[in-house]
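Okay, structure first, notes after.
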Amino acid sequence: MAQTIIQALPYPQMTTVQRNALVGVVIGYIIYNTDTLLLERWNGVAWTSEGVLSTLKVGNVVGGDYSEFLADGTLRYRGDATVWKDMVSNLFGKRLFSTAGKVNYDYIENALVFAPSGVITDENDRVSGNQEINHEFKIGVNITYLPHLHWWQQVTSNTIKAVIFTLRYRVQTNGGAKTTAWTTITANAGTDDIWDFTALVDGLYNQITSFTPFAITCGLSDTIQFQMCRTDAQTGNVSATFFDFHAMVDSDGSDTPLTKTP
């Protein structure tokens with residue numbers, strides 16, 4: 001039967017009493033404490049597990065881009081190690097204020113239909129939603145969000161309609177006063193599209209069009225409220241399937257059910 005030989009660094013093993021009896025210990029000396037079941041390092045003043053087992057950093061630590069495992073097993077991403085994730089809002093199935101405006105449902109295609117010349121301040125013309133900043137998302141000051149709309153873009157004779165979607169948003173901060181003001185941004189078909197379909201045959205294509213990125217100050221479980229409509233004057237309707245924010249993830253969750261250390 002084959003055997004596996006495991007080799008490990010031979011750290012001296014001793015109790016806390018034996019450790020404290022050591023003399024002439026050099027800075028950086030490491031022992032395994034059989035009382036605490038931890039590796040401990042002498043920093044010149046005291047014995048500490050800091051920098052030994054309390055935190056594990058992997059990556060370009062000096063440059064500030066690394067993944068970090070804390071003592072309790074929590075994972076954090078620092079610097080450019082931060083990853084992006086979708087905060088998805090399914091627009092289909094939400095109750096509309098009225099079907100008399102510029103937005104309605106296509107129950108055959110499972111899509112939201114936008115008519116032209118909508119007005120963002122008119123509740124009849126828009127669709128709305130709330131998005132929680134979930135526990136894994138980055139919080140703090142100047143946190144960037146990239147809103148995107150997924151929709152079907154019509155290509156006719158190598159051209160597309162100059163469709164404009166208008167979005168306004170505001171952030172409700174837990175523990176703070178209600179935010180009443182909205183910030184308005186737009187997404188323009190043709191200039192803000194992810195893909196260029198103009199060279200393809202006539203038809204409908206799955207397009208993603210980006211709104212202007214924005215930065216906010218936010219905390220754990222704060223709420224981003226949004227309202228959206230179509231505001232161009234081009235003839236004909238267009239259909240959308242869902243809306244999402246691309247946001248930065250810097251951990252696998254929060255430190256406690258209600259708090260998170262940035």
Close pairs from the stretch 204-224: first β-branched (Val, Ile, Thr), partner part of a loop (DSSP other than H, G, I, E, B), Cβ under 6 Å, at least 6 apart: Ile208/Ile194; Thr209/Ala189; Thr209/Asp192
Residue within the stretch 190-205 that is assigned to a strand (DSSP E or B), more than 19 Å from the chain's Cα centre (by Cα) and of a type in the set (S, T, N, Q) present: no
Unique residue being within 20 Å of Pro213 (Cα to Cα), surrounded by 13 or more Cβ atoms within 10 Å (Cβ to Cβ) and at pLDDT 85 or above when the list is Tyr145, Tyr105: Tyr145
From Trp195, Trp182, Trp151, residue being without any contact (Cβ under 8 Å) to a residue 24 or more places away in the chain and of a type in the set (Phe, Trp, Tyr): Trp195
Complete set of residues in the stretch 107-121 that are touching a residue at least 60 places away in the same chain (Cβ under 8 Å) and in a loop (DSSP other than H, G, I, E, B): Glu109, Asn110, Ala115, Pro116, Ser117, Gly118, Val119, Ile120
Hits in the stretch 187-204 (condition: closer than 21 Å to Ser89 by Cβ, surrounded by 15 or more Cβ atoms within 10 Å (Cβ to Cβ) and not small (Gly, Ala, Ser)): Asn188, Asp192, Asp193
Within the stretch 133-142, considering residues that are touching a strand residue (DSSP E or B) at 6+ places or on another chain (Cβ under 6 Å) and at negative phi, the one surrounded by the fewest Cβ atoms within 10 Å (Cβ to Cβ): Val141
Complete set of residues in the stretch 206-257 that are within 17 Å of Phe137 (Cβ to Cβ) and assigned to a loop (DSSP other than H, G, I, E, B): Pro213, Gly219, Leu220, Ser221, Asp222, Asp250, Asp252, Gly253, Ser254, Asp255, Thr256, Pro257
Filter pass, Thr179 being among the β-branched types (Val, Ile, Thr) and in contact with a Lys or Arg (Cβ under 9 Å, 6 or more places away or on another chain): yes
Lys260, sole failed condition from (1) part of a loop (DSSP other than H, G, I, E, B); (2) touching a strand residue (DSSP E or B) at 6+ places or on another chain (Cβ under 9 Å); (3) free of Cβ contacts under 8 Å to residues at least 40 places away in the same chain: (3)
Residue list for the stretch 212-222, restricted to those being within 15 Å of Pro147 (Cβ to Cβ) and either modelled with pLDDT under 95 or of a type outside the set (Gly, Ala, Ser) (or both): Thr212, Pro213, Phe214, Ile216, Cys218
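Filter the stretch 156-176 for residues that are in a loop (DSSP other than H, G, I, E, B) and within 24 Å of the chain's Cα centre (by Cα) and give the result.
Residues satisfying the conditions are Thr173, Asn174, Gly175, Gly176.
The values are calculated or read from the model by the stated rules, or taken from the named source; none is laboratory data. Since the structure is predicted, the reported quantities are computational estimates derived from the model, not experimental observations. Methodologically, a virtual Cβ is constructed for each residue, glycine included, from the backbone with ideal geometry; neighbour enumeration extends over all protein chains shown.
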